[in-house]
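Written below as structure tokens is the structure these notes are about.
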Amino acid sequence: MRPKIICHMMSSIDGRLLTQRWTRPASGIGDDIVPRLYEQVAAKLGADGFLIGRKTMAEFTGVTAHEPTTGGDAPRKIHVADRKGRAIAVVVDPQGKLSYAKDDASGDHIVAILSETVSDDYLAALRKTGVSYLFAGADGADLRRAMDVLGESFGIETLLLEGGGRINGAFLKAGLIDEISLLVYPGIDGQAGVSSVFEYVGTADERPAAGCSLRHLATETLEGGMVWLRYRMDQSPPGD
Ligand SMILES: NC(=O)c1ccc[n+]([C@@H]2O[C@H](COP(=O)([O-])OP(=O)(O)OC[C@H]3O[C@@H](n4cnc5c(N)ncnc54)[C@H](OP(=O)(O)O)[C@@H]3O)[C@@H](O)[C@H]2O)c1
């Protein structure tokens with residue numbers, strides 16, 4: 001069974017995600033309010049780890065991006081490395097564009113979700129570093145299957161989906177989000193076209209959130225005027 005997935009994000013009041021572009025906190029409120037409250041609230045959600053897109057993972061210390069390599073005959077088998085009791089940091093990197101200097105991101109054990117096109121050498125390098133991996137189908141697009149594997153083979157019950165907008169949009173479209181935990185920072189970006197909470201890339205007639213309804217769970221005003229919104233995502237049955 002797949003884990004419960006809570007999309008946990010922080011945005012400006014205009015829904016934008018690039019924290020370095022936001023207006024400064026009001027006088028008397030520290031700049032550290034953004035990372036500090038984000039992590040404090042994440043800890044309250046009781047998850048076994050977090051999941052992020054390839055671009056967001058590339059910003060972590062010890063992670064490097066490169067051209068992907070393909071090919072090889074070795075069977076594409078899931079690899080469960082030694083987590084040593086740590087939470088997990090899952091990255092969806094279908095083409096295998098990231099390499100890791102160590103097996104953790106901010107202390108959490110890295111699990112890479114890949115396509116079957118990645119090379120034998122790339123898989124060997126992940127095993128050598130102690131990184132776990134699994135496959136989301138031949139092209140790496142079967143997120144539902146990947147989530148089932150995280151539940152069944154890694155024992156993950158609750159996972160925080162932590163962006164960016166592209167990977168959040170893919171999970172939204174796949175109907176894989178159970179709850180939303182959104183921290184609204186009292187600041188503004190203001191620019192058109194800057195990444196927002198959900199950024200599904202599709203054709204103009206697609207509606208990635210079709211069939212979803214948000215059921216309010218709680219609202220809290222936190223330190224510095226940060227607002228924490230929680231919603232359950234109800235999915236209507238196909239055809240409704
Ligand atoms: N404010 C916040 O709470 C917050 C949270 C997280 C991130 N961010 C910011 O958001 C920015 C990155 O966001 P982003 O949206 O550009 O990137 P992203 O969601 O982090 O990563 C997107 C990448 O994920 C891979 N991917 C795998 N499966 C996918 C699928 N089914 N659909 C779409 N992509 C898939 C693709 O990699 P390939 O191109 O290799 O195929 C894609 O380019 C960063 O600047 C980061 O700092 C902000």
Residue 176 being in contact with a helix residue (DSSP H, G or I) (Cβ under 7 Å, 6 or more places away or on another chain), within 14 Å of the ligand (Cβ to nearest atom) and not assigned by TED's automatic domain parsing to the domain that holds residue 20: no
Residues satisfying the stated conditions in the stretch 74-86, i.e. touching a residue at least 40 places away in the same chain (Cβ under 8 Å) and either touching a His at 6+ places or on another chain (Cβ under 7 Å) or small (Gly, Ala, Ser) (or both): 74, 81, 83
Single condition residue 191 does not satisfy, out of (1) over 19 Å from residue 10 (Cβ atoms); (2) over 23 Å from the mean Cα position of the chain (by Cα): (1)
Per-region count, the stretch 14-41, residues surrounded by 15 or more Cβ atoms within 10 Å (Cβ to Cβ), closer than 22 Å to residue 92 by Cβ and out of contact with any Ser or Thr (no Cβ under 8 Å at 6 or more places or on another chain): 2
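Check the stretch 222-238 and report whether any residue there is in contact with a Gly (Cβ under 7 Å, 6 or more places away or on another chain) and more than 12 Å from the ligand (Cβ to nearest atom).
Within the stretch 222-238, the subset in contact with a Gly (Cβ under 7 Å, 6 or more places away or on another chain) is 235-236.
Going one step further and asking which of them are more than 12 Å from the ligand (Cβ to nearest atom), we end up with 235-236.
Within the stretch 222-238, one or more residues are in contact with a Gly (Cβ under 7 Å, 6 or more places away or on another chain) and more than 12 Å from the ligand (Cβ to nearest atom).
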Residue in the stretch 44-63 that is under 30 Å from residue 187 (Cβ atoms), within 11 Å of the ligand (Cβ to nearest atom) and surrounded by fewer than 16 Cβ atoms within 10 Å (Cβ to Cβ) present: yes
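For the stretch 108-124, which residues satisfy the criterion of being under 16 Å from the mean Cα position of the chain (by Cα) and either exposed (fewer than 15 other Cβ atoms within 10 Å of the Cβ) or not acidic (Asp, Glu) (or both)? Can you show your working first?
Of all residues in the stretch 108-124, those under 16 Å from the mean Cα position of the chain (by Cα) come to 108-114.
Hits for the stretch 108-124 are 109, 110, 111, 112, 113, 114.
Given 171, 154, which one is within 19 Å of the chain's Cα centre (by Cα), within 11 Å of the ligand (Cβ to nearest atom) and among the aromatic types (Phe, Trp, Tyr)? Spell out how you get there, then give the answer.
On the way: 154 fails: within 11 Å of the ligand (Cβ to nearest atom).
Only one candidate passes the filter, namely 171.
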Options 96, 137: the member that is assigned by TED's automatic domain parsing to the domain that holds residue 61 and either touching a residue at least 40 places away in the same chain (Cβ under 8 Å) or surrounded by fewer than 22 Cβ atoms within 10 Å (Cβ to Cβ) (or both): 137
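For residue 160, indicate whether it is crowded, with 20+ Cβ neighbours inside 10 Å and under 19 Å from the mean Cα position of the chain (by Cα). Can you show your working first?
On the way: crowded, with 20+ Cβ neighbours inside 10 Å: yes; under 19 Å from the mean Cα position of the chain (by Cα): yes.
Considered against the rule, which asks whether it is crowded, with 20+ Cβ neighbours inside 10 Å and under 19 Å from the mean Cα position of the chain (by Cα), residue 160 comes out as yes.
Conditions (1) of a type in the set (D, E, K, R); (2) touching a residue at least 60 places away in the same chain (Cβ under 8 Å), marked per residue:
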site	(1), (2)
22	no, yes
53	no, yes
59	yes, no
72	no, no
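Residues 56, 69, 23: which one is at pLDDT below 95 and touching a Gly at 6+ places or on another chain (Cβ under 9 Å)? Let's see the steps before the verdict.
Values: 56 fails: at pLDDT below 95; 23 fails: at pLDDT below 95.
Result: 69 is the single residue among 56, 69, 23 that is at pLDDT below 95 and touching a Gly at 6+ places or on another chain (Cβ under 9 Å).
The values are calculated or read from the model by the stated rules, or taken from the named source; none is laboratory data. What you see is a predicted model; the values in this text were computed from it and never measured. All Cβ positions, even for glycine, are placed from backbone atoms using ideal geometry, and neighbour counts span all protein chains on display.
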